[in-house]
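What follows is one structure encoded as structure tokens, with my remarks underneath.
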Amino acid sequence: MEIKLTFGKNDTVEQMRESLLEAPALDNLVLDECLCIDDNSVLQFIHVINRKLRTLEARKLYKFTDAAVEVIANRCKELQHVKFIGCNNLGQKSIISLGKHCKKLQSIAFIYENGTDWPLVDDVLSVLVGHFTSDLLATTFVGFKGITDIGISYVAECFHESLNAIDFSSCAHVTDGSLIGLATNCRLLRSVAFNSTSISDKGLKALSEKCINLQHVDVGNCVNVTDQSVKYLAEHCTLLEFISVENCKQITDASLRALTLHCGLLQNVNFHNTGVKKIPITILRLAFLVQFDVKMCKELSFPPPEIINKDVDGITDFYRKRHLGYRLRVLFLGNQGSGKSSLVQSLITDTAKLVDHPTDGVNVELWNPFHGVANEVLLERELSPDEKILGLDMWDTSGRT
């Protein structure tokens with residue numbers, strides 16, 4: 001079980017020391033807008049931090065400099081994950097310290113926050129490549145206008161054998177060149193985020209063709225991304241679990257249909273404020289879907305707004321009740337008290353039910369036996385996508401006395 005400590009604005013150095021002393025096996029340390037943190041205060045509690053600390057996150061520490069990172073890196077040489085958010089006094093020296101001391105580091109993140117002056121440029125990625133001997137799995141540099149395709153090319157060429165996640169969102173000068181470079185070098189990529197960059201269909205198609213095991217793709221707010229590349233992505237990267245094209249106005253129903261047809265493992269779909277006009281009935285193929293956002297799609301006409309505003313289950317239930325393909329009728333006949341209603345309710349709810357009142361007339365309910373995977377595993381073959389959305393109208397009739 002991971003041991004985690006989080007310190008905030010009102011915590012004092014003495015309180016931090018006491019808490020750290022009580023957590024000698026600390027795994028994860030979070031410093032969130034701690035007003036007391038500066039280079040000197042770090043020296044006051046560094047000796048009580050677990051040497052085997054694995055994760056460090058620092059957010060909005062405006063007096064936290066490269067010198068503090070050097071002290072922490074030298075103490076905690078087992079660090080595997082570091083994240084700095086809005087710590088605008090950190091630069092190349094921090095990366096040099098981490099590369100020098102933390103040989104097991106797997107992920108590194110620098111995230112810009114509005115209101116801070118933090119002018120990181122491509123040189124910081126050159127330093128990263130030059131001072132890290134560990135095989136980085138994830139690299140995140142978000143919100144830096146000075147980072148371009150040149151810097152990302154350093155990362156792609158150096159960590160091509162290990163890199164599986166990359167996020168350069170809101171780096172406005174990043175273009176298709178970065179995606180093409182990643183496609184050429186980093187075939188192990190599973191997660192990419194280039195939200196609010198200058199990429200287009202050209203780069204996304206190149207990445208989709210070579211990195212076929214992608215599971216997480218965020219290209220939201222990229223105005224030059226269209227149906228052409230998203231359809232290509234769906235056809236080549238069938239293991240997708242997350243896709244975001246929010247605010248991409250050239251994305252329409254065609255992209256959504258392609259994803260539902262080819263990417264059956266999708267769990268999170270973000271089409272917020274796109275050009276979608278109608279949700280395709282093939283959404284029923286997405287048995288693992290838990291998040292689905294089509295809000296603010298101004299041209300969306302079907303299903304009606306009261307359905308769109310429901311959660312995923314509400315939308316899929318709406319379509320199941322109207323889906324006529326692979327739809328059968330099952331009629332239950334028998335004497336009163338024979339257990340017809342109990343059987344029907346037990347099947348529909350997947351829980352043993354006892355109905356102790358007689359049915360008046362006919363009661364019809366819809367059952368989707370293969371929604372999820374519980375019943376499918378009982379069969380000796382794999383079901384087709386259409387068979388998985390089989391609907392059975394269960395006609396429960398009143399019995400004879």
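The values are calculated or read from the model by the stated rules, or taken from the named source; none is laboratory data. Remember, predicted model here, so these are calculated numbers, not experimental data. Virtual Cβ from ideal backbone geometry, glycine too; neighbours counted across all protein chains shown. To get the accessible areas, we keep the full protein, side chains included, count just its heavy atoms, and leave off ligands, DNA and RNA. Shrake-Rupley method; radii C 1.70, N 1.55, O 1.52, S 1.80 Å.
Which one is surrounded by the most Cβ atoms within 10 Å (Cβ to Cβ) among residues in region 311-330 that are at pLDDT 75 or above and in contact with a helix residue (DSSP H, G or I) (Cβ under 8 Å, 6 or more places away or on another chain)? By that ranking, first place goes to Thr316. Limited to region 105-125, what total is found for residues that are buried (at least 22 other Cβ atoms within 10 Å of the Cβ) and either free of Cβ contacts under 8 Å to residues at least 24 places away in the same chain or over 17 Å from Asn88 (Cβ atoms) (or both)? Total meeting the criteria: 2.
Please go through region 345-372 and pick out each residue that is touching a helix residue (DSSP H, G or I) at 6+ places or on another chain (Cβ under 8 Å) and open to solvent by less than 50 Å² (accessible area, probe 1.4 Å). Once the filter is applied, which keeps residues that are touching a helix residue (DSSP H, G or I) at 6+ places or on another chain (Cβ under 8 Å) and open to solvent by less than 50 Å² (accessible area, probe 1.4 Å), region 345-372 yields Val355, Thr359, Leu366, Trp367, Asn368, Pro369, Phe370.
Count of region 136-160 residues, restricted to those that are open to solvent by 10 Å² or more (accessible area, probe 1.4 Å) and either on the phi < 0 side of the Ramachandran plot or touching a residue at least 60 places away in the same chain (Cβ under 8 Å) (or both), is 14.
Quick one: would you say His47 is under 23 Å from Ile3 (Cα atoms), touching a strand residue (DSSP E or B) at 6+ places or on another chain (Cβ under 6 Å) and open to solvent by 10 Å² or more (accessible area, probe 1.4 Å)?
On the way: under 23 Å from Ile3 (Cα atoms): yes; touching a strand residue (DSSP E or B) at 6+ places or on another chain (Cβ under 6 Å): no; open to solvent by 10 Å² or more (accessible area, probe 1.4 Å): yes.
It is false that His47 is under 23 Å from Ile3 (Cα atoms), touching a strand residue (DSSP E or B) at 6+ places or on another chain (Cβ under 6 Å) and open to solvent by 10 Å² or more (accessible area, probe 1.4 Å).
For region 332-344, which positions are on the phi < 0 side of the Ramachandran plot and out of contact with any strand residue (DSSP E or B) (no Cβ under 8 Å at 6 or more places or on another chain)? Give the steps one after another, and end with the answer.
Narrowing region 332-344 to residues on the phi < 0 side of the Ramachandran plot: 332-333, 335-336, 338, 340-344.
Listed by number, the residues that qualify are Ser338, Ser342.
Among the criteria (1) of a type in the set (Phe, Trp, Tyr); (2) open to solvent by 30 Å² or more (accessible area, probe 1.4 Å); (3) not in a loop (DSSP other than H, G, I, E, B), the one Phe288 does not fulfil is (3). If you go through region 251-283 and keep only what is within 19 Å of Ile389 (Cβ to Cβ), part of a helix (DSSP H, G or I) and within 21 Å of the chain's Cα centre (by Cα), you end up with Leu256, Arg257, Ala258, Leu259, Thr260, Leu261, His262, Ile283. Of everything listed in (1) of a type outside the set (Val, Ile, Thr); (2) without any contact (Cβ under 8 Å) to a residue 40 or more places away in the chain; (3) within 20 Å of Cys248 (Cβ to Cβ), the single unmet condition for Leu128 is (3). So is Leu233 touching a strand residue (DSSP E or B) at 6+ places or on another chain (Cβ under 9 Å) and over 16 Å from Phe288 (Cβ atoms) or not? In short, yes. Taking the criterion of being open to solvent by 70 Å² or more (accessible area, probe 1.4 Å) and either closer than 14 Å to Cys76 by Cβ or within 33 Å of the chain's Cα centre (by Cα) (or both), the residues of region 4-42 that qualify are Lys4, Thr6, Lys9, Asn10, Pro24, Leu35. The set of residues in region 345-364 that are under 40 Å from the mean Cα position of the chain (by Cα) and at positive phi contains only Asp350.
Within region 130-160, which residues are in a loop (DSSP other than H, G, I, E, B) and either of a type outside the set (Lys, Arg) or at pLDDT 95 or above (or both)? Selection gives Phe132, Thr133, Ser134, Asp135, Leu136, Leu137, Gly143, Phe144, Ile147, Thr148, Phe159, His160.
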